[in-house]
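Reviewing the structure listed below.
The values are calculated or read from the model by the stated rules, or taken from the named source; none is laboratory data. Computed from a predicted model, the values in this text were never measured in an experiment. Virtual Cβ from ideal backbone geometry, glycine too; neighbours counted across all protein chains shown. These area figures cover heavy atoms from the full protein model, side chains too; ligands, DNA and RNA do not enter into them. Shrake-Rupley method; radii C 1.70, N 1.55, O 1.52, S 1.80 Å.
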Amino acid sequence: MKSAIAMMLCAAIVGAPAAGHTAQTASTFCAGLKKAVAPHSSAADAVFVRSYEPGEDEAALPAGLATTAFVYDNALAVIALVACGNVSDARPISNALSRAAGNDRSFDDGRVRNAYRAGAVNQPIPDLPGWWDGHARVWAEDPAQDGTSTGNVAWAALALLTLHQATHDPRYLADAERLVDWMIGATASENGFYGGFHGYDPKQVRLTWMSTEHNADVHAAARWLFRLTGERKYDSAAGQARRLLDRAFRGDHFLLGTKPDGSLADEGLLALDAQLWPWMAMPESPAAWKSALGFAKARLGVDGGFDFNGDRDGLWVEGTAQAALAYRICGDLHESDRLLADLKADQTSSGLLNASRPARLTTGLSIDPTSGGDPDFFYYRRPHLGATAWAALAETGWNPFTGKRIR
């Protein structure tokens, strides 16, 4: 019943004017994002911003995160900065993404990695993250960070398309096309897009599972390019991604996608973004898809917001901000404002919001997407660029998948 009510609410009110939107969160998260990003973006023409800062009880980040700027977080920051009216701070990050799309230490096919070394990009080929392992006396890298996830490539394309829309600079459009062309050539199948590649250079493992959220990202980037260029290959790519989304929808919720053998993911594995992104990314999606918001509230809701998955072990700040934007898209401004007001408690002195409210939040997923081992991917209470960007997007009512502000 709750899912049906949420579906009817979205279907009836999407696109309604936001005249009644309160000002209680005005500039809170945009200002925090600018505070965190500006010192870095003002230092160079091309820059990657570190994804995490040390938590309040940490003297420093773990070695595996100390130099890491995840592409997903940086792409979100670009889009959120544009939504906040701050193109000047968005441009250097976009320049770094563009440089990465055109230059790689091992590959010349147009991919970007999952992460790059934070800081100014002063050379043609951006560095990957890493650290000196004093015990083993070797330079160490993370195989997941060195890899390329299809969804991250799509988010980089969305960021470049957003800045192209804001600046009309043709370079950003060309680089977005290069990224989407890579996905079409390297990860596409007739019925969806595969996960990408994992591991160290020069030989990486192909990921043969498909992700619901990855395919939502691909659909959004491909449709945007089709609108701009009219090239049929982008329309076809959007259709391929849509087929996976149709298959993953189970009446009132979305599965994670497929297993490596092509069978559908287990019903018990839930993720909040998989419930929200498909219909946020596709305004023309079936009205029934929006019932996934009600499903998420019923199955993933926690005090003050939402968990990442169904074990309800705490509040996922990034996901709760995503839900705040989803409610705005549905026209439920009261619930959107309520979630955003509660997230003020998660904002740190740096301007960034913590990634999670508890000290450690489970996801049910593994860091190594090839391992099939125990779930070891956690979020921690550390200031996080991506969580802050989503809060700014919700605050401004900006849909990152379409490049449009919600009216």
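The slack in the chain from Arg360 to Leu228, taken as 0.36 nm per residue of separation less the alpha-carbon distance, amounts to 43.3 nm. The value obtained for the range 44-114, namely the Cα convex hull volume divided by the number of residues, is 108 Å³ per residue. For a test of the definition: using alpha carbon positions, the gyration tensor, and the 1.5 limit on a/c, classify the range 142-193 as rounded, prolate or oblate. Oblate is the answer for the range 142-193, as a/c is 1.5 or above yet b/c matches or exceeds a/b.
Compute the Rg to Rh ratio over the range 209-272 from the alpha carbon atoms, using the Kirkwood formula for Rh, and round to two decimal places. Kindly include the intermediate steps, with their values, before the conclusion.
Working: Rg = 12.8 Å, Rh = 12.2 Å.
Ratio value, two decimals: 1.05.
Note on Ser349 and Asp313: with the Förster distance fixed at 22 Å, the Cβ-Cβ geometry gives a FRET efficiency of about 0.25. Model label points for Ala31 and Asp266, set 7 angstrom from Cα along the Cα-to-Cβ axis, are 4.6 nm apart. For the chain, the share of alpha carbon pairs falling in successive 20 Å distance bins from zero is 29, 63, 7, 0 percent. Treating each Cα of the range 248-319 as one equal point scatterer and applying the Debye formula with no solvent, the log10 of I(q)/I(0) at q = 0.11, 0.16, 0.26 Å⁻¹ comes out as -0.26, -0.55, -1.18. Applying 0.36 nm per residue to the separation of Arg250 and Asp108 and subtracting their alpha-carbon distance, the gain on full extension is 47.2 nm. For Phe70, the solvent-accessible surface computed with a 1.4 Å probe is close to 50 Å², ligands and nucleic acids excluded. For a test of the definition: using alpha carbon positions, the gyration tensor, and the 1.5 limit on a/c, classify the range 257-374 as rounded, prolate or oblate. Verdict is oblate for the range 257-374. Treating r as the C-beta distance of Ala66 and Ala341 and R0 as 30 Å, the FRET efficiency rounds to 0.35. Between Glu58 and Ile367, residue separation times 0.36 nm minus the direct Cα-Cα distance comes to 109.1 nm.
In this rough spin-label picture, where each label sits 7 Å from Cα along the Cβ direction, the Ser88-Asp45 distance is 1.8 nm. Distant-in-sequence amide contacts of Phe306, defined by a placed amide H-H separation under 5 Å and a gap of 5 or more residues or a different chain, comprise Trp316, Thr320. Could you check which residue among Arg328, Arg117, Arg105 shows the biggest mean-square fluctuation in a GNM of the chain with a 10 Å Cα cutoff? Checking each option, the largest mean-square fluctuation is seen for Arg105. Label zone (Ala136, point 7 Å along Cα-to-C-beta; backbone nitrogen cut-off 18 Å) within the range 47-71: 62-68. The Stokes-Einstein estimate for the range 297-337, based on a Kirkwood radius over Cα pairs and taken at 25 °C with 0.890 mPa s viscosity, is a diffusion coefficient of 242 µm²/s. Since only Thr370, Tyr52, Leu343 are under comparison, the one whose Cα sits farthest along the positive direction of the charge dipole of the chain, derived from C-beta charges on Lys, Arg, Asp and Glu, is Leu343.
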